[in-house]
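Written out below as structure tokens is the structure these notes cover.
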Amino acid sequence: MMTPPTKAPSLAFLCIKSLKLQLLQSDNTPIPDLYELPSELLEGLVGHLPALALRNFQIHMPFNCCLDSYESGDDDCLINNGRKRARNDVLGNSWKVLFELRWPEFIDHLESPAEWQHLYWEKHLQNCVDEAAEVALRPTFSGRICSINVSDNILRYICHEDHMSFQKCVCKELSFHLQTFGPYLRCLRLLNVLCVTEISELLRKSKLQRLVLRWIRSEKHVEPLCKLLIQSRDTLTSLEFIHCKLSSNSINAICASLHEKGIHTTGMQRFCIKTSSIEIDPLAAPSAFIAFLMSVRTLHSLHFCDSNLDRHISRMVFSTLFDSSSNISSLDLSENNISGWLSTFSWRSVVGSPSSGKSLGSLCKLNLRGNELDKYDAENLAHALLHMPGLESLDLSGNPIEDSGIRSLISYFTKNPNSRLADLDLENCELSCCGVIEFLDTLFMLEKPFKLLSVADNALGSEVAEAIVNSFTVSIESLNISGIGLGPLGFLALGSKLEKGSKKLLSINISKNRGGLETARFLSKLIPLAPRLISVDASYNLMPPESLLMLCDSLRTAKGDLKRLDMTGNSCINHKADHSTLLSEFQHNGEPIFVLPSSLASHVPYDDDP
């Protein structure tokens with residue numbers, strides 16, 4: 001039996017393949033007469049080009065090219081030899097298709113980026129850099145970072161197979177990718193092993209806006225990093241250090257690179273050090289660090305989360321900000337041991353305006369979570385709050401301030417009923433029922449009611465129920481009372497006091513309260529009385545089987561917009577039962593409202609006993 005003859009490739013296919021290879025090798029030399037082809041042929045060609053060929057096609061494309069749907073170019077369009085190229089819908093859609101083909105899991109999380117080509121090459125470079133870091137970290141690696149070959153797994157997305165196999169293919173080395181696609185780079189994550197001079201040299205044409213550094217723990221990595229910071233100083237707006245060990249000299253060099261002495265303007269907006277170790281002598285603070293905090297007027301966000309700060313360093317940072325001209329709006333000192341950091345602040349008298357510090361006058365968010373703060377720190381904080389008239393969010397969770405501490409906050413609110421504070425987290429602060437009831441009663445005198453309040457994981461008991469229900473009427477939008485020991489009596493009291501409901505309540509967390517059937521009864525009454533309620537966490541409350549039917553009846557009669565009701569960890573959910581009817585009946589925008597356990601392990605009742 002004869003084998004049927006193989007169908008010969010069409011002329012169009014051979015032409016496109018030939019043009020692909022020519023475009024892959026024509027970085028600086030345009031292909032003669034290519035752009036004179038009819039628009040339908042050019043559009044067909046564009047739809048078949050790999051990323052590198054499409055880039056070269058776009059670089060050499062004249063403004064009078066016959067491709068349709070032109071848009072005016074912007075300052076972010078790639079510049080080649082000083083010439084700015086216009087964009088158009090055909091090319092933009094092609095870049096979007098290439099991005100979706102390579103990273104389909106990210107496409108749904110993007111908000112219509114203005115320049116798909118920029119986004120494509122930026123993510124491509126990050127893949128190349130991450131892969132190079134893995135190679136450089138191998139004990140057997142020796143050589144130059146820039147000479148590391150990019151794997152075929154990455155190259156196959158930007159090149160043609162025939163081009164990849166070409167012996168003189170320059171796109172195999174990391175240096176080619178950094179030099180060629182560096183101008184597209186805006187955000188970059190670097191491991192310590194790549195903080196070397198050659199990387200800084202290869203990124204000279206980049207316009208970095210956001211830089212994340214990981215595992216910088218040696219002075220040998222700081223000097224090349226500083227070179228990269230200096231050349232990116234005009235464009236860099238965000239700098240983040242994670243898992244780093246920074247000495248006083250390192251911080252001084254880094255801040256000196258960011259801030260040119262004698263010039264009080266820079267674009268830095270966010271400076272973050274987290275899960276790291278800062279080694280600063282508070283008696284000999286780095287001068288460049290202090291100058292950076294005092295002089296960078298664009299700095300809005302300053303984070304030192306879990307950075308081994310002590311009270312002396314924290315006091316230095318806070319005092320510097322207080323006296324500076326910075327427009328700081330977010331300060332995060334969480335997960336450090338800084339008890340006593342404000343012990344001297346109460347000496348400062350408030351004269352005239354409640355905010356004599358320019359920077360703290362614009363502070364909107366203060367995170368002090370998990371700092372071992374006690375009742376004396378809370379008292380000092382109440383004095384400091386007088387200098388933060390714009391503060392809207394305060395996180396004190398995980399600090400043992402006790403009832404004495406919350407009474408200091410009550411005193412602050414009593415003296416400042418016009419406070420703008422709308423988001424307060426008092427989770428796990430060793431508060432009692434009496435202290436929380438006093439605090440909740442204070443909310444009625446505030447001119448601007450709270451939007452978010454958490455008193456979770458405090459042993460409050462059922463006696464706090466009436467005060468909690470009353471708080472619904474002061475426009476709280478999000479309430480977290482998880483793990484406060486309500487029990488069946490507490491939920492019974494909540495339900496009996498619930499009459500008017502809440503027109504403002506958006507979310508409530510009542511998990512881990514062991515309420516049993518009374519939990520379901522309370523929710524069945526709350527859901528119809530809270531028309532704006534969209535999220536309920538009722539997990540781990542020991543609800544019996546009849547609870548589910550009770551909640552279903554409530555949802556059928558309610559006219560609200562509930563999107564999520566978490567029922568995990570309750571005995572009312574039989575993991576062997578078929579809940580498909582339940583899930584299909586109660587949905588919001590195609591998604592089930594009920595969050596049910598997915599495995600037997602998640603049905604184990606929550607045990608809060610020590």
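The values are calculated or read from the model by the stated rules, or taken from the named source; none is laboratory data. Only a predicted model underlies this, so the values are computations on that prediction, with no experimental measurement involved. Cβ sites come from the backbone with ideal geometry, for glycine too, and all protein chains shown count toward neighbours. These accessible areas exclude ligands, DNA and RNA; they are computed on the full protein's heavy atoms, side chains included. Shrake-Rupley method; radii C 1.70, N 1.55, O 1.52, S 1.80 Å.
Consider region 159-185. How many of its residues are modelled with pLDDT of 90 or more, outside any helix (DSSP H, G or I) and surrounded by 19 or more Cβ atoms within 10 Å (Cβ to Cβ)? First the steps, then the outcome.
Of all residues in region 159-185, those modelled with pLDDT of 90 or more come to 173-185.
Then keep just the ones that are outside any helix (DSSP H, G or I); that gives 173, 185.
With the extra rule that they be surrounded by 19 or more Cβ atoms within 10 Å (Cβ to Cβ), the set shrinks to 185.
Residues in region 159-185 being modelled with pLDDT of 90 or more, outside any helix (DSSP H, G or I) and surrounded by 19 or more Cβ atoms within 10 Å (Cβ to Cβ): 1 in total.
Might you let me know whether region 488-495 holds any residue that is hydrophobic (A, V, I, L, M, F, W, C), in a loop (DSSP other than H, G, I, E, B) and open to solvent by less than 30 Å² (accessible area, probe 1.4 Å)?
For region 488-495, residues hydrophobic (A, V, I, L, M, F, W, C), in a loop (DSSP other than H, G, I, E, B) and open to solvent by less than 30 Å² (accessible area, probe 1.4 Å): absent.
List the pairs whose first member sits in region 419-437 and is part of a loop (DSSP other than H, G, I, E, B), whose second member is polar (S, T, N, Q), and whose Cβ atoms are under 6 Å apart, counting only residues at least 6 apart or on separate chains?
That search, which allows pairs on different chains as well, returns Glu427/Ser397; Glu427/Ser454; Asn428/Ser397; Cys429/Asn399; Leu431/Asn458.
With the requirement that a residue be under 20 Å from Ala53 (Cα atoms) and open to solvent by 30 Å² or more (accessible area, probe 1.4 Å), what does region 116-141 give you?
Matches in region 116-141: Trp116, Leu119, Glu122, Lys123, Asn127.
Is there a residue in region 197-214 that is open to solvent by 70 Å² or more (accessible area, probe 1.4 Å), at pLDDT 95 or above, farther than 20 Å from Ser142 by Cα and touching a His at 6+ places or on another chain (Cβ under 6 Å)?
Yes, that holds for at least one residue.
Within region 390-397, can one find any residue that is touching a helix residue (DSSP H, G or I) at 6+ places or on another chain (Cβ under 7 Å), over 27 Å from Gly485 (Cβ atoms), surrounded by fewer than 18 Cβ atoms within 10 Å (Cβ to Cβ) and not aliphatic (A, V, I, L, M)?
yes
Restrict the check to region 318-334 and report whether at least one residue is among the acidic types (Asp, Glu) and at pLDDT 95 or above.
Yes: one or more hits.
Mind listing whichever residues of region 514-553 are more than 20 Å from Ala465 (Cβ to Cβ), open to solvent by less than 30 Å² (accessible area, probe 1.4 Å) and of a type outside the set (A, V, I, L, M, F, W, C)?
Selection gives Pro544 alone.
Please enumerate the residues belonging to region 217-250 that are open to solvent by less than 10 Å² (accessible area, probe 1.4 Å) and either over 23 Å from His300 (Cβ atoms) or of a type in the set (A, V, I, L, M) (or both).
Val222, Leu225, Leu228, Leu229, Leu236, Leu239, Leu246, Ser250 - these are the residues of region 217-250 that are open to solvent by less than 10 Å² (accessible area, probe 1.4 Å) and either over 23 Å from His300 (Cβ atoms) or of a type in the set (A, V, I, L, M) (or both).
Filter region 496-512 for residues that are small (Gly, Ala, Ser) and closer than 14 Å to Arg532 by Cα; which is surrounded by the most Cβ atoms within 10 Å (Cβ to Cβ)?
Ser502
Between a residue in region 198-221 that is without any contact (Cβ under 8 Å) to a residue 60 or more places away in the chain and any residue that is open to solvent by 100 Å² or more (accessible area, probe 1.4 Å), which pairs come within a Cβ distance under 6 Å, given they are 6 or more apart or on different chains?
These pairs meet every condition: Leu202/Gln179; Val212/Arg189.
Which of the residues spanning region 307-316 are buried (at least 18 other Cβ atoms within 10 Å of the Cβ) and out of contact with any helix residue (DSSP H, G or I) (no Cβ under 7 Å at 6 or more places or on another chain)? Give the derivation first.
Initially, region 307-316 is screened for residues buried (at least 18 other Cβ atoms within 10 Å of the Cβ), giving 307-309, 311, 313-316.
Once the filter is applied, which keeps residues that are buried (at least 18 other Cβ atoms within 10 Å of the Cβ) and out of contact with any helix residue (DSSP H, G or I) (no Cβ under 7 Å at 6 or more places or on another chain), region 307-316 yields Ser307, Asn308, Leu309, Arg311, Ser314, Arg315.
So, in region 446-461, of the ones that are in a loop (DSSP other than H, G, I, E, B) and hydrophobic (A, V, I, L, M, F, W, C), which residue ends up farthest from Leu431 (Cα to Cα)?
Leu446
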